[in-house]
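Just below is one structure, and these are the notes that go with it.
The values are calculated or read from the model by the stated rules, or taken from the named source; none is laboratory data. Please read these numbers as outputs of a predicted model, since none were measured by experiment. When we count neighbours, we look across all protein chains shown, and the Cβ atoms used for this are built from the backbone with ideal geometry, even at glycine.
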Amino acid sequence: MLKLNDVTKRFGGLIAVNRVSLEIKRGEFVGIVGPNGSGKTTLFNVISGVYYPDGGKVLFEDRDISFFPPYKRAPLGIGRTFQIPRPFGSATVRENVAVGAMFGTMRDKVGVDESMVIADEVIERVGLQEHRNKPAGTLTPVEKKLTEIARALAMKPKLLLMDEAMAGMHPNDIDQMVSLVKTLAKEQNIAVVAMVEHIMRAVVGMAEKVIVLHQGAKIVDAPTQKALRDPKVIEVYLGHPLER
Amino acid sequence: MFGIQLAGNLLQGLVLGAVYGMATMGLSLIFGVLKVVNVGHGAFMMVGAFVALWVFNGLGLSPIWAIPAAFVLGMALGFIFFHTSMKRLIKAPELASLLATFALGILLEETVKLIYGADFHGYNWIVGKVSMGITVMPMSKIYAFVGSILIALILYFWFTKTRGGTALTCVVEDSEGARVCGINVGRAYALSFSLGIGLTVASGVLLTMFIPVGISPYMGGVYTLKAFVIAVLGGLGSPYGAFFGGLIFGLLENGSYSLFALIPGLEPFAMTRFFSFLILLLILLIKPTGLLGTK
Amino acid sequence: MKESKITKYYPLIPVCATYLALFIIGESVPGMWQLVAMLAFYCAIGQAFNIFLGMTGYVDFGYVAFMGVGAYGMALSVERLHMVEGIGMGVVFLGLLLAVVLATLLSLAVGAVALRLRGAYFAIATIGVNEGFRYLIEGAKLWGGSEGIVFYGQLAKALGSETASQVSTFWADVFVFLIAFMAACITIVYMRSKIGYALTALREDEDAAKVMGINVTKYKIIAFITSASVAGLIGAAGWALKLTNVFPPQVFEIHYTVECIIIVLLGGAGTLLGPPVGALVYGLAKYWLSVIIPGFQLFIFAPIILVVIVVFPEGIMGLVKKRWRGTGLGKFIE
């Protein structure tokens, strides 16, 4: 469904993403992993349209979307959450989630009232009913994250890009969120791509396959358990090859 | 004959441009560090103009003494305004700081009006003239020119050679990075704002050395607009850009006046003003970072 | 379901009531009409300005240019068309139409340059347009140049001098009332539709809005043009028709933009009731201050704006909305 062919992104003389190719199928759960500076944020931004590639192509359902602005990608079915949640602070949770429905894949089929109905459903699934009418700015960080996820889900996406730095979150919260996303995504056949700094419980719990980036290039693209044991990956994180 | 007149006009424009440029440096500095556009810019220049008036008419001293006096007053005003209002608006949306500086400008205008009344004032500083072949330049304008260049040079050295100055340059580049390097960003903000206002008020004195009449509480508006054009010309965050932008603007302003005066059916003074805004809009369309901007 | 369709528009009721009350007071209490007309004017420009400032968060410092160009629309229509046989009130309606056309054209031109810019650059570009346009008119001696257009005579010729006098002293102000109400209707229709949600999103976080699928430029343009066209109508009715003249320094005077900003901020930017509340507070305060301590109004208002911005940027209605949200009364407040 999503294909990157030899995507390259440069900033001046620095090559942030170096000829990366990958493929994500419908309903697949993938983790994109790499330490700081590996280019994963840039890659994410190229997929969501914040940046346009300097080389290569981004294809979604066989359509070349490399140069589509972000607002054109959402109705195609690409949804995104942010590392530090950015809900619309002065709007209520309900209104936030409804915005997702209004401009997402269903934009031509739903009006404001129907979007509110969809929002209510999603909020229920995500467990935020109590906070429905509270301004999003007054929520706790975990609730804000849930609002963002709900908003993205209300878009009825086909692909969900999750910019996750679960560092700093309580392991219980991480587990809860991971299982929630997994359940909802499986139900609606949404592919989820989570971006994390290193392979840890969130990714292991969720991802079927892992793509590891290092200095802008893809070094591993394998099912999770295999990737965990790959010496190249260990080398990247330890800085030196493992002597065995 | 027209050629000589034009050349003379251009020279006058260059000299005035230096004053304009120096006047805009404060605006660019404040924007570069704080990302705030001082919409009340002209009002601060007006304060400087009144300082010059007071020093000359009231104290009987040469207006050159007004320059440091205005600068100190400006820094004090900047410091006060920063700590009472601007400080709290750094995290607020841009609209807030725009309106705050706007309100400050109005407050200054009204306060000065209360003290001096709404009439026009002026002073007469006669220090002779110099003939420069194509035109005759009063010494007062030359003093203004030299003063502007001196101040710009001093600023240049301060930014590049001193710790305080280089710290500010770091904050312009990347405030988070600067913070990590141990630079007290809060103090940098306060310093930049105060310095920027100080420069702006001092420039008001220099302006009166060039145009010693028409000093009134509401004189600032025109200069705010010119400063915007100059700042955008030179790149909004760059004080050096502002200076050179000012020179270019001075040349354009005077040059275009001569040209418009040739075309019948046009009112050259208003057309010159129109022209400067046209330039502003063209630059914003084509290269918003300014002719000399890098980003 | 049907019930909720109507209750969505309940907040129009207090607005309507306010304008109606103003009108009635103006008509029945002798000598009040001028004050009421001024308040209506402020309500109108507040509502119109709010459509852009309140809903997008961008400040158009050159807003008065749209009012000015609208005034010219009315003036030009009367000046050039008054001699057409039997045109009568048609000059006035054509004037209003021309005002909208001119304001829309200008806003498209401004928008093309300014709306790609953010924050400070946008503000500067809009000031540039306001001033640039004014000096173009003066410098190239367009439309009467710096002498402006005086058209009472032509209006009298088209309508007969008694009607002309009635139009400029009464009906012009009535138009302003109607325009204010129309602006309020437009505001709430936008607010309750996808347009309103898109604008709120882009006001809060433009980048996140884009990722959500919102074409921010399109919505900014919609708000901008709407706000500008209404301003054009106000300039045509509240300035040109009422005063029967147009002078560049007067109609491009930046302090009207200042007043718009004060009214909207004070009342509550982005709310429906904010502009009328702000207009009444500002208008009445200005009037009383000018009676008690003439010449001091701005001196008082400048620090007030400062305090409002720093301490409660939501304005009066913003605070009221927060407290009454979700309650019975809350349905009438927006």
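Residues are listed down the side, and each one gets a yes or a no for (1) of a type outside the set (A, V, I, L, M); (2) within 14 Å of chain B (Cβ to nearest Cβ); (3) in contact (Cβ under 8 Å) with a residue 24 or more places away in the chain:
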residue	(1), (2), (3)
C:Met32	no, no, no
C:Leu35	no, no, yes
C:Ala48	no, no, yes
C:Gly57	yes, yes, yes
C:Val64	no, yes, yes
C:Gly68	yes, no, yes
C:Arg80	yes, no, no
C:Met89	no, no, yes
C:Leu94	no, no, no
Q | Among residues of region B:3-28, those that are closer than 30 Å to B:Thr169 by Cα and away from chain C (no Cβ under 14 Å), counted | A | 12
Q.
Given the criterion touching a helix residue (DSSP H, G or I) at 6+ places or on another chain (Cβ under 8 Å), in a loop (DSSP other than H, G, I, E, B) and either at negative phi or surrounded by fewer than 20 Cβ atoms within 10 Å (Cβ to Cβ) (or both), identify the matching residue among B:Val72, B:Val127, B:Val112.
A. B:Val127
Q) Given A:Ala185, A:Ala217, A:Ala167, A:Ala152, which one is surrounded by fewer than 18 Cβ atoms within 10 Å (Cβ to Cβ) and modelled with pLDDT of 80 or more? A) A:Ala217
(Q) Among the numbered criteria (1) away from chain C (no Cβ under 11 Å); (2) out of contact with any strand residue (DSSP E or B) (no Cβ under 8 Å at 6 or more places or on another chain); (3) not small (Gly, Ala, Ser), which one does A:Leu22 miss? (A) (2)
**Q.** Pick from region A:53-76, criterion within 14 Å of chain C (Cβ to nearest Cβ) and more than 16 Å from A:Met1 (Cα to Cα), ranking: surrounded by the most Cβ atoms within 10 Å (Cβ to Cβ)
**A.** A:Pro70
Q | Criterion: closer than 15 Å to B:Met209 by Cα and not in a helix (DSSP H, G or I) - qualifying residue of B:Leu61, B:Leu16 | A | B:Leu61
Q: Mind counting the residues in region A:77-107 that are assigned to a loop (DSSP other than H, G, I, E, B), more than 15 Å from the chain's Cα centre (by Cα) and either of a type in the set (Val, Ile, Thr) or at the interface with chain C (Cβ under 9 Å from one of its Cβ atoms) (or both)?
A: 8
Q | Subset tally (residues that are assigned to a helix (DSSP H, G or I) and crowded, with 23+ Cβ neighbours inside 10 Å) for region B:277-290 | A | 2
Q.
I'm checking my understanding of the structure. Among residues of region B:85-140 that are among the polar types (S, T, N, Q) and more than 14 Å from chain C (Cβ to nearest Cβ), which one is farthest from B:Ala7 (Cα to Cα)?
A. B:Asn124
Q. What number of residues in region C:264-307 are at the interface with another protein chain (Cβ under 9 Å from one of its Cβ atoms), within 19 Å of B:Val112 (Cβ to Cβ) and not in a helix (DSSP H, G or I)?
A. 2
Q. All but one of (1) in contact with a strand residue (DSSP E or B) (Cβ under 8 Å, 6 or more places away or on another chain); (2) polar (S, T, N, Q); (3) modelled with pLDDT of 80 or more hold for A:Thr224; which doesn't?
A. (3)
(Q) Restricting to region B:21-54, count the residues that are touching a Leu at 6+ places or on another chain (Cβ under 8 Å), of a type outside the set (S, T, N, Q) and assigned to a helix (DSSP H, G or I). (A) 19
**Q.** Subset of region B:226-251 (residues that are under 23 Å from B:Phe275 (Cβ atoms) and at pLDDT below 85)
**A.** B:Gly235, B:Leu236
Q) Just one of the numbered conditions (1) more than 18 Å from the chain's Cα centre (by Cα); (2) within 11 Å of chain C (Cβ to nearest Cβ); (3) not basic (Lys, Arg) is not true of B:Val39; which one? A) (1)
Q. Within the set of pairs 6+ apart or on separate chains, which have a first residue in region A:82-93 that is within 17 Å of A:Val50 (Cβ to Cβ), a second that is assigned to a loop (DSSP other than H, G, I, E, B), and C-beta atoms under 8 Å apart?
A. A:Gln83/A:Glu164; A:Gln83/A:Ala165; A:Arg86/C:Asp205
Q.
Can you pull out every residue in region C:120-143 that is touching a residue at least 24 places away in the same chain (Cβ under 8 Å) and surrounded by fewer than 21 Cβ atoms within 10 Å (Cβ to Cβ)?
A. C:Trp143
Q) Can you tell me which residue in region C:181-199 is farthest from the other protein chains (Cβ to nearest Cβ), limited to those that are crowded, with 24+ Cβ neighbours inside 10 Å and within 22 Å of A:Pro87 (Cβ to Cβ)? A) C:Leu199
(Q) Out of everything in region C:201-251 that is hydroxyl-bearing (Ser, Thr, Tyr) and within 14 Å of chain A (Cβ to nearest Cβ), what residue ends up being farthest from the chain's Cα centre (by Cα)? (A) C:Thr217
(Q) With more than 14 Å from every other protein chain (Cβ to nearest Cβ) and assigned to a helix (DSSP H, G or I) as the only criterion, which of A:Glu130, A:Glu148, A:Glu124 stands out? (A) A:Glu124
**Q.** Identity of the residue in region B:262-291, in contact (Cβ under 8 Å) with a residue 24 or more places away in the chain and among the polar types (S, T, N, Q), that ends up farthest from the other protein chains (Cβ to nearest Cβ)
**A.** B:Thr289
